[in-house]
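> Pasting in a structure now, in structure tokens, and then I'll have a few things to ask.
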Amino acid sequence: MDELSAEILAGLPAAFIAGPTLIADWIVVWPLALPLIGAAILLMGRSRSAWQASFALAVLVATLLSEALLVQRVIESGPVVMTMSRWLPPFGISFAADMLGASFALVAGIVSIVVLLYSQSEVELRETRYGYYSLLLLLLAGVNGAFLTGDVFNLYVWLEVLLISSFGLMIMGGRKIQLDGAVKYGFISLLGTTFFLIAVGLLYGLLGTLNMADIVRVAPDADPVAMSGIAGLFLLALGMKAAAFPVNAWLPASYHTPDPTISALFGGLLTKVGVYAIIRILGQLLPANVARDWALIRGPNFAPFEFGVSLNLVIALIAGATLILAPLGAMAETNLRRAIGFLVIGGIGAMLAGVALGTSGGIFGAAIYALHSMLTITGLYLVAGLIERATGTTDTRRMGGLYQFSSPLSILFICLVFAVSGLPPFLGFWPKFVLVQAGLGGESYGLAAAILLNAFLTIVAGSRLWSHIFWRNGREGDGSEAPNPNLKPLQLKDRWWGLVPAATLTLAIVLLGLWPAPLFLAGSRAAAGIVDPTAYVDSVSPVGAP
């Protein structure tokens, strides 16, 4: 440390300066440091493709182990914090892991490993040389950074890391349809990021801090009108990221364009980062400004027409519209992965419904629904990729007869459809049950009804897809009963590297549906930490700090 720095530190109150970071607390940065280091090494050695897959797998396994240890540490001792350069908030930048962030990071690690294994069935040599594995690790670093950061501006930084890596993966292959999807995806992502950055600047100008724990302390004393406006701007920006109605058209227009591996990675992880940020910012940092009522029409001349609205009501309306319209879009689709994109959007509506409720039960349901969706949507996209290989097309009207040709694909697809719909005993049943129970308990009967209607419409849409692909003997039209001549068996590489990872993930989804205790443990503790952030605040800003 130079003399000037020592003099500055000596002149500050001791409460401003954090003590040395314990080595045990470094575990909070390993889930993002390991992928970043691994991505840099792979990028430097991208011309040597023989060892890239195995090295990337080793990095992902090490990352998953660090995430599992982090979850165990949070369960045992509460939130884990590491503050950069020994400066306490609001000066220092902190990484903080509570149960919500740590459990999301753990599931993201599982999804990344499954996707990496599956990609061995379709990734090409030229994609390896273009940096496929380094971009995959960089994407995971951005996801984990967003889940584990304790600073709102750092959240913006990690969203930018996500955008860079996801855009590179989106265009990898260079097909015209990929470029078309990348333009739509990139434009809306940049627009959402811009709105988010504007909201961050306004928040800092109003509060003088961007540390999440510090925001929890000072936000209740700020101008309520300005805070409500900032909360609304965050909702708009993150609603774009999460693909909530009415800013959701970009997702089914872009997620089907890259290879199925990339679609699975995006569908399982990227939209959940937006949902996570909504839960963190609107559920924990600014809940009072979300729930506050404001009269839209005031004054003595309009007294009979005076009524109020809250951001909670706006979120509830967005959630209801997303829940109902998304599966209707899936029914109208003939492209398999575009239809799955609408099912992704329907799940976003369910998570927003939990945020709109604003109760511990609502946040609990939103958190476990997000964890379920990360696994189930990934599996659904992976199986869709195998279906496209077996049929040689992406159009469900030209698929048919696959049930007799490949019964394992039929079983995997219908199990995942049931899980997305929320039918027991599959994993998706429990989040929807918790959300409906929370809605009825909070007298939000409209949201509860929308969740149930979404479950019904989703099973109709999913069953329609299954019947067109598997149950019908042949292609749509006069020859629908004739055998489909385009069907071809999966190659050995597709079965080992494609079918086995997808089947393993589906089996895990079924088992978690039968034994949901780990999901309930993570969700309940995550909800408790969001609704009552005292432990989170105290871990970042020790008692006695200004």
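The values are calculated or read from the model by the stated rules, or taken from the named source; none is laboratory data. What you see is a predicted model; the values in this text were computed from it and never measured. Reconstructed Cβ throughout: ideal geometry from the backbone, glycine too, with neighbour counts over all protein chains shown. For the accessible areas, the whole protein counts, side chains as well, though only heavy atoms, and no ligand, DNA or RNA atoms are used. Shrake-Rupley method; radii C 1.70, N 1.55, O 1.52, S 1.80 Å.
> Which listed residue (Leu138, Gly173, Leu148) has the Cα farthest towards the positive end of the charge dipole for the range 107-177, taking +1 on Lys and Arg C-beta and -1 on Asp and Glu C-beta about the Cα centre?
Gly173
> Using the crude model of +1 on Lys and Arg Cβ and -1 on Asp and Glu Cβ, and no other charge, please compute the dipole size for the chain relative to its Cα centre, in debye to 20.
Around 1540 debye, computed over the chain.
> Here's a follow-up. Would you please give the FRET efficiency between Leu313 and Leu191, computed as 1/(1 + (r/R0)^6) with r the Cβ-Cβ distance and R0 = 30 Å, to the nearest 0.05?
Efficiency computed from Cβ-Cβ geometry: 0.75.
> Let me ask something additional. Going out from 0 in 5 Å bins, what whole percent of all Cα-Cα distances in the range 80-196 drops into each bin?
In whole percents, the pair-distance histogram is 2, 11, 16, 19, 19, 15, 9, 6, 3, 1.
> If ligands, DNA and RNA are left out, what is the accessible area of Asp259 with a 1.4 Å probe, given in Å² to the nearest 10?
Using a 1.4 Å probe on the heavy atoms, I get roughly 30 Å².
> Starting from the Cα gyration tensor of the range 381-527, take the square roots of the eigenvalues, sort them a ≥ b ≥ c, and report rounded, prolate or oblate (rounded when a/c is under 1.5, otherwise prolate if a/b is larger than b/c, else oblate). Mind showing how you got there, number by number?
Working: a/c = 3.63, a/b = 1.73, b/c = 2.10.
Note, shape of the range 381-527 comes out oblate.
> Evaluate the distance, in nm, between pseudo-label points positioned 7 Å from the Cα of Val500 and of Thr334 along their respective Cα→Cβ axes.
It is 3.8 nm.
> Averaged per residue, what accessible surface does the range 363-480 expose to a 1.4 Å probe, in Å²?
On a per-residue basis, 34 Å².
> Just tell me which lysines come within less than 24 Å, Cα to Cα, of Lys432; anything on the same chain fewer than 8 places away is out.
Those lysines meeting the cut-off are Lys241, Lys272.
> Leaving ligands, DNA and RNA out of it, report the carbon-plus-sulfur percent of the accessible area of the range 98-224 at a 1.4 Å probe.
Here it works out to 69 percent.
> Still on this model: If you average 1/r over all unlike Cα pairs in the chain and invert the result, what Kirkwood radius do you get in angstrom?
That comes to 23.9 Å for the chain.
> Just reorder Leu412, Leu317 by solvent-accessible area, largest first, 1.4 Å probe, all chains present. Don't skip to the end; give the middle numbers.
Working: Leu412 20, Leu317 115 Å².
The most accessible residue leads, giving Leu317, Leu412.
> Can you list, largest first and rounded to whole Å, the semi-axes you get for the range 351-393 by taking the square root of 5 times each eigenvalue of its Cα gyration tensor?
They are 33, 8, 4 Å, listed from largest to smallest.
> Name the shape class, rounded, prolate or oblate, that the alpha-carbon gyration tensor gives for the range 146-197, where a ≥ b ≥ c are the square roots of its eigenvalues, rounded holds for a/c under 1.5, and otherwise prolate holds if a/b is larger than b/c and oblate otherwise.
oblate
> How long are the three semi-axes of the equivalent ellipsoid for the range 176-251, computed from the Cα gyration tensor as the root of 5 times each eigenvalue, in whole Å, largest first?
Semi-axes, largest first: 31, 12, 9 Å.
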